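Undergrad: Sending over a structure as structure tokens; questions will come in a sec.
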Amino acid sequence: MKKNFPLLLTLISALILIPGCEKIKAGGSDVFTDEYELTGNSVFLQGRVLFNNADLDKVSDVYFLLSKNSKPSDKNAKKIESVLSDKYFSGVAPSLELLTTYYYQAVAVYQGKKVYGDIRHFNTTEYTLNAVDLGIVVDGKNIKWASANIGAYRSVEYGSYFAWGETKTKAEFTWENYKWGKSKDNLKKYKAADMTLEPEDDAAHVHLGGNWRMPTQKEFKALLDTKGKEGYEWNWYRLVVDKETEEPVLNANGEQMAFIRIKNTTTGNYINIPFAGQKYNSTYYGITANSPYGWIWSSSIYNNDYSSAYDFFFYGGNYWNVDATGTCWRYYGLPIRAVCE
């Protein structure tokens, strides 16, 4: 299996510029902490120096300090390496935590002395998910679907991966670090049929608030039932080229298919669901060029084996396959697509 492109770090979403940066002077030298750009769970940082051209050769290093501490320092911050180019420098920090405020600061080493820009900050919740009405009613309730996975900034990005019943993402997914039990025979919670996640263990509700939550298996079945139904259209697409319009290019045989689109042809409303695979241990699986797989957690326990939970499964290789009755071990890392009523 090929490893995931680090959560599509190359997909650039809405650029957020921070104007009016204050400059810090030291020895007649200026350093600016300029702008940042959030992309999924990564951030692009940019800074600049205002040395005159004769002094640029005296700059031996440029970098950023990134920290959850409001006063970044060499002791509490991560160093984001960079290279000076025409007075500008930039760096990318991946694997940010959700719902977290980060502080960053540009640094230049000028004649052996560290010169600091001002401290700026951003929050990884600075994105908006839309509630998309596909006209799906379950038990008398109109279920609306989030426009992107949790942790994604664009509809075709993978987003973050979570173990079932956990609300924080992590680097590795194993029984040993699973919150609700160290093995399938040693579970602490959710050990009965027909159980669904409580709000405090529902990642969609915890991260988005309001009445957002993870879909039940029944709601995923209702989504699946629209395939082939009059008034709905299902298509498989490869990754868009136009990052501004998000207009898709229909897949041709043998080309990579990056997402499916489920569309209500009456209203024109649609959602995109990326083939984001799954993660266990520290490895991504199912993200391949010609035979991509996708899984998304439901909030429903698997009634025949409480160490597993139901998921929404889809495959886009030589044939199409979608299933709302599949399951995964609860400790696996899967993406999450929220719903609300």
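Undergrad: Can you work out which of the residues in region 113-141 that are modelled with pLDDT under 90 and surrounded by fewer than 15 Cβ atoms within 10 Å (Cβ to Cβ) is nearest to residue 220 (Cα to Cα)?
TA: 130
Undergrad: Follow-up question, since we're still on this one. Could you look through region 30-80, keep only residues that are among the polar types (S, T, N, Q) and without any contact (Cβ under 8 Å) to a residue 40 or more places away in the chain, and pick out the one that is most open to solvent (accessible area, probe 1.4 Å)?
TA: 53
Undergrad: Quick one: in region 87-101, which of the residues that are open to solvent by 20 Å² or more (accessible area, probe 1.4 Å) and in a strand (DSSP E or B) is farthest from residue 52 (Cα to Cα)?
TA: 101
Undergrad: So which strands (runs of 3 or more DSSP E) are wholly in region 106-223 and hold at least 2 residues that are among the aromatic types (Phe, Trp, Tyr) and free of Cβ contacts under 8 Å to residues at least 40 places away in the same chain?
TA: In region 106-223, no matching strands (runs of 3 or more DSSP E) lie anywhere.
Undergrad: Can you tell me which residue among 286, 294, 326 is without any contact (Cβ under 8 Å) to a residue 60 or more places away in the chain, out of contact with any His (no Cβ under 6 Å at 6 or more places or on another chain), within 21 Å of residue 262 (Cβ to Cβ) and surrounded by fewer than 22 Cβ atoms within 10 Å (Cβ to Cβ)?
TA: The conditions single out 326.
Undergrad: Sticking with this structure for a sec: In region 327-341, what count of residues is obtained for those that are more than 11 Å from residue 278 (Cβ to Cβ) and either among the polar types (S, T, N, Q) or part of a strand (DSSP E or B) (or both)?
TA: Of the residues in that region, 3 qualify.
Undergrad: Given 57, 34, 30, which one is modelled with pLDDT of 65 or more, assigned to a strand (DSSP E or B) and within 13 Å of residue 109 (Cα to Cα)?
TA: Checking each option against the conditions leaves just 30.
Undergrad: May I ask you to list the residues in region 193-219 that are open to solvent by 40 Å² or more (accessible area, probe 1.4 Å) and hydrophobic (A, V, I, L, M, F, W, C)?
TA: Across region 193-219, the qualifying residues are 193, 195, 206, 208.
Undergrad: Considering only region 317-340, state which residues are in contact with a Gly (Cβ under 8 Å, 6 or more places away or on another chain) and over 24 Å from residue 189 (Cβ atoms).
TA: 340
Undergrad: When the residues of region 319-341 are filtered to those that are aliphatic (A, V, I, L, M) and more than 29 Å from residue 183 (Cβ to Cβ), which remaining residue is modelled with the lowest pLDDT?
TA: 322
Undergrad: For region 164-198, name all the residues that are polar (S, T, N, Q) and closer than 20 Å to residue 278 by Cα.
TA: If the condition is that a residue be polar (S, T, N, Q) and closer than 20 Å to residue 278 by Cα, then 167, 169, 174, 177, 183 are the ones that fit.
Undergrad: Scan 281, 318 and give me the residue that is at positive phi, among the polar types (S, T, N, Q) and either within 15 Å of the chain's Cα centre (by Cα) or surrounded by fewer than 22 Cβ atoms within 10 Å (Cβ to Cβ) (or both).
TA: Sole residue among the options that is at positive phi, among the polar types (S, T, N, Q) and either within 15 Å of the chain's Cα centre (by Cα) or surrounded by fewer than 22 Cβ atoms within 10 Å (Cβ to Cβ) (or both): 281.
Undergrad: Moving to a separate point now. Looking at 244, 230, which one is in a loop (DSSP other than H, G, I, E, B), open to solvent by 50 Å² or more (accessible area, probe 1.4 Å) and at pLDDT 70 or above?
TA: 230
The values are calculated or read from the model by the stated rules, or taken from the named source; none is laboratory data. Everything numeric here is computed off the predicted structure, so don't read it as measured data. Glycine gets a Cβ as well: all are built from the backbone with ideal geometry, and neighbour counts include every protein chain shown. All accessible areas refer to the heavy atoms of the entire protein, side chains included, with ligands and DNA or RNA removed. Shrake-Rupley method; radii C 1.70, N 1.55, O 1.52, S 1.80 Å.
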